[in-house]
Structure formats: C-alpha cells, structure tokens
Amino acid sequence: MQANRFIYSSKHIFSPGFDLAIPKASDLFQSSHRDEALSRNLPTQAERILDAPDLLDDYYLNLLDWSSLDSLGVALDNTIYAWTNGEVREVVSSPITITSLAWMPGTHCLAVGDTEADLTLYDIQAGKKIRVIHAHTDRISSLSWKGSILSSGSRDSTIVHHDMRAKHFQMQSKGHFQEVCGLKWSDRYLASGGNDNHLNIWEIGYSTPTYSFHDHTAAVKALAWCPYTAGVLASGGGSADQTIRLWDVAKGNCIKTINTGSQVCALEWSKHDTELLSAHGFADNQLTVWKYPCMQKLGDIKGHTARVLYLAQNPEGDQVVSAGADETIRFWKIFEKRGKNRSMDLKFSCR
C-alpha cells in the first residue's frame with residue numbers, strides 16, 4: 001500500500017442522525033403502530049478510496065479494525081498498515097500470512113493472529129513486539145478484547161481467553177465444531193459465530209456457552225452488540241443463509257429475522273442514530289442501512305465491485321470504512337452526529 005496509489009473523491013453526501021437516551025430492553029419489537037415508509041439521504045459514492053492490494057478474499061478472516069485512539073489497521077497478506085490522520089505507514093511485517101487483528105482499547109497495542117496459530121502482541125507506537133502466545137493448533141481467525149482480556153477464535157474450533165495482566169493465564173472455551181470466525185464482547189457477554197452455523201453466547205469465567213443458537217443455516221461471522229438496548233445482538237449469516245437476526249440475550253430468544261437476499265459479511269451499529277449497517281456479497285456487493293428496531297430498509301450504498309468483507313467506524317462514529325474483495329478500502333459518511341438536544345423513544349422510532 002503506497003500513498004501515491006490513493007484515490008480521493010470530494011463527494012460528500014450525508015444526513016445527520018441524533019443522539020439517543022439509552023433505554024432498557026423491553027417490548028421494543030411489540031409495537032402495534034404501523035411502520036410508515038422510512039427513507040433518508042445516503043451517500044452515492046465514497047469520500048475516499050484506498051488501494052488495498054493483497055487484501056485476502058476470505059470470508060472467515062477479520063483483517064480490519066479501527067482503534068479507540070483513531071488508528072485504522074488493515075492486514076494485506078503478511079503486512080499491516082495503519083492509517084492515522086490521513087497518513088499511512090507500515091507497522092507490522094511478518095513472514096506469515098495474517099488472519100486477524102484487533103486493537104486493545106485505549107492503547108497502541110495491536111493483537112495479530114496468523115496462519116501458523118501464533119498470537120502476537122505489538123506496541124505500534126514503540127515499534128516493537130511485546131509477546132507471542134501459542135494457544136491454538138490452527139489459524140486464528142477472530143479476536144475480541146474485553147479490557148485486558150483478549151479472546152481468540154481459531155480454525156481448531158476453540159476460543160482461548162488470555163489475561164494480559166498475567167504472563168501465562170489462559171482459559172479455553174469449547175462450543176463450536178468448526179472454525180470460529182466471529183467474536184464480539186459486550187459489557188457482560190461474548191458472542192461467537194462459527195462455520196458450524198452456530199451462534200454461542202458466553203459469560204466470562206464459564207467454559208461452556210450460556211446459550212447456543214442454531215437458527216442460521218450458514219457460517220456466522222458478522223456480529224454486533226446494540227448500543228441502544230442492553231443485551232440485544234445482531235448476527236449475520238453466510239451465502240446459504242443471507243439473514244440478519246436480532247437476539248435478546250437476556251431472554252435467550254430471537255426477536256427479529258430479516259432476509260437480506262445476499263451473504264452478510266459484516267455489521268456495524270450507528271453510535272448516533274437507531275440504525276444498523278450491513279455489508280454484503282453477491283450479487284450487488286452493497287452496504288445496506290436498516291432502521292432499528294423495526295429493521296425497515298432505508299437504502300443501499302453501492303461502490304464495491306466484489307463482496308464487502310469488513311466494516312469499521314472511527315471513535316466519533318461519523319465515518320465508516322469498508323474493505324472488499326475488490327482490493328479497495330472505502331471511507332463513507334453514512335452516520336453523522338447531531339446536537340445533543342434531542343432524544344427519542346426507541347419504541348416509536350419506526351413509526
């Protein structure tokens with residue numbers, strides 16, 4: 001990835017969202033009000049496009065993450081680049097193909113998984129390797145942080161939890177039968193998705209899942225915890241499934257199912273409005289915006305010419321980045337801040 005290969009577009013079309021009061025999870029999906037047609041302006045093209053040669057076209061990997069300190073990391077084969085304040089630099093060069101990465105919240109520490117089952121921690125600011133951990137027997141496909149706890153999912157079907165405050169503390173969780181391609185922590189729960197089509201919900205300290213959902217009919221990679229309603233999780237299934245499902249984890253049941261018509265590769269909630277963004281594969285390779293909680297489709301955003309494998313957003317939540325099998329990274333103004341003088345009752349947000 002070289003700076004002179006970047007393409008810039010000054011197109012800037014967006015519609016602002018608004019900040020919300022956070023409610024409790026209760027009967028949001030039981031409203032008797034008829035949903036009216038919802039729509040809003042969406043961008044017609046990316047604000048910026050970066051060339052990303054050697055971005056692996058592998059549905060099961062997780063090669064993009066935006067840190068809480070505003071650094072975007074992307075793995076291109078065996079090299080990781082960081083995009084910070086409009087500048088790109090190479091931060092990790094490995095002899096082994098990289099299969100996952102995740103920033104530790106509030107730090108410059110980057111966790112990196114690879115095809116040889118090694119988990120390596122780097123201090124990107126200091127430019128040095130901190131630690132190498134050997135806990136899996138196959139490639140590490142997914143990573144998620146909860147404070148100082150790093151959870152790693154592998155093609156060996158296990159999840160291993162590493163406490164970075166201790167040198168050798170590890171705990172293994174077994175609940176999948178194939179590759180663990182999706183991991184996402186909330187304040188209380190860990191959601192894991194696998195190539196066995198299973199979605200598991202774990203509580204910290206337990207080696208077996210609290211819930212195991214088998215409703216998806218393809219691999220479950222796309223996972224995102226709702227920031228507006230505690231305990232609500234969005235999950236997306238692969239090409240044989242094509243659904244987004246919303247789950248009430250506290251009650252252990254599915255509360256909404258949406259057939260999207262294409263492979264669901266990634267999910268990202270807006271931080272400022274009751275909206276969910278999904279990334280898709282064949283045939284349109286689009287981004288789709290949904291209104292929560294009714295999950296009415298607000299529109300599609302097109303630009304990628306191959307499936308959109310990864311999504312991330314900046315700490316402010318006003319910029320989304322997508323990375324696709326077309327070997328491009330695209331920056332979008334999809335979610336936008338509005339002043340804090342307005343809130344909304346989620347129960348009536350789709351009327």
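The values are calculated or read from the model by the stated rules, or taken from the named source; none is laboratory data. Note that the structure is a prediction, hence the values are computed from the model and not measured. Every residue, glycine among them, receives a Cβ derived from its backbone with ideal geometry; neighbour counts consider all protein chains shown. Surface accessibility is based on the protein's heavy atoms, side chains included, excluding ligands, DNA and RNA. Shrake-Rupley method; radii C 1.70, N 1.55, O 1.52, S 1.80 Å.
The single condition among (1) crowded, with 17+ Cβ neighbours inside 10 Å; (2) under 26 Å from Thr79 (Cα atoms); (3) modelled with pLDDT of 95 or more that Ala191 does not meet is (2). Tell me, which strands (runs of 3 or more DSSP E) lie completely within region 74-114 with 3 or more residues that are in contact (Cβ under 8 Å) with a residue 12 or more places away in the chain, farther than 16 Å from Ala52 by Cβ and of a type outside the set (S, T, N, Q)? Where strands (runs of 3 or more DSSP E) fall fully within region 74-114 and carry at least 3 residues being in contact (Cβ under 8 Å) with a residue 12 or more places away in the chain, farther than 16 Å from Ala52 by Cβ and of a type outside the set (S, T, N, Q), they are 109-114. Checked against (1) aliphatic (A, V, I, L, M); (2) touching an Asp or Glu at 6+ places or on another chain (Cβ under 7 Å); (3) surrounded by 20 or more Cβ atoms within 10 Å (Cβ to Cβ), Ala279 passes all but a single condition, namely (2).
Being in contact with a Ser or Thr (Cβ under 6 Å, 6 or more places away or on another chain), at pLDDT below 95, among the basic types (Lys, Arg) and not in a strand (DSSP E or B) holds for only one residue in Arg34, Arg40, and it is Arg40. For Ser93, are the conditions met, namely being closer than 30 Å to Trp247 by Cβ and either in contact with a helix residue (DSSP H, G or I) (Cβ under 8 Å, 6 or more places away or on another chain) or polar (S, T, N, Q) (or both)? No; evaluated as a whole, the condition is false for this residue. For region 119-155, residues that are open to solvent by less than 30 Å² (accessible area, probe 1.4 Å) and part of a strand (DSSP E or B) total 16.
Condition test on Gly303, is it modelled with pLDDT of 95 or more and open to solvent by 20 Å² or more (accessible area, probe 1.4 Å)?
Details: modelled with pLDDT of 95 or more: yes; open to solvent by 20 Å² or more (accessible area, probe 1.4 Å): yes.
The answer is yes for Gly303.
For region 62-73, a residue qualifies if it is outside any loop (DSSP other than H, G, I, E, B) and hydroxyl-bearing (Ser, Thr, Tyr), but none of them does.
Restricting the search to region 249-262, which residues are touching a residue at least 60 places away in the same chain (Cβ under 8 Å), touching a Gly at 6+ places or on another chain (Cβ under 9 Å) and open to solvent by 20 Å² or more (accessible area, probe 1.4 Å)? If the condition is that a residue be touching a residue at least 60 places away in the same chain (Cβ under 8 Å), touching a Gly at 6+ places or on another chain (Cβ under 9 Å) and open to solvent by 20 Å² or more (accessible area, probe 1.4 Å), then Ala250 is the only one that fits. Cβ-Cβ contacts under 9 Å between residues 6 or more apart (or on different chains), taken from a first residue in region 316-339 that is assigned to a strand (DSSP E or B) and open to solvent by less than 10 Å² (accessible area, probe 1.4 Å) to a second residue that is acidic (Asp, Glu) and modelled with pLDDT of 95 or more, are listed as Val320/Glu268; Gly324/Asp57; Ile329/Asp51; Phe331/Glu47; Trp332/Glu47.
Restricting region 216-244 to residues that are open to solvent by 30 Å² or more (accessible area, probe 1.4 Å) and touching a residue at least 40 places away in the same chain (Cβ under 8 Å), the residue that is farthest from Gly175 (Cα to Cα) is Pro227. The residue pairs whose first member lies in region 124-138 and is closer than 16 Å to Leu101 by Cβ, whose second member is open to solvent by 90 Å² or more (accessible area, probe 1.4 Å) and part of a loop (DSSP other than H, G, I, E, B), and whose beta carbons are closer than 9 Å, counting only pairs six or more residues apart or on different chains, are Arg131/Lys167; His136/Arg155. Being crowded, with 16+ Cβ neighbours inside 10 Å and either basic (Lys, Arg) or in contact with a Phe, Trp or Tyr (Cβ under 8 Å, 6 or more places away or on another chain) (or both) is a description that does not apply to Val180.
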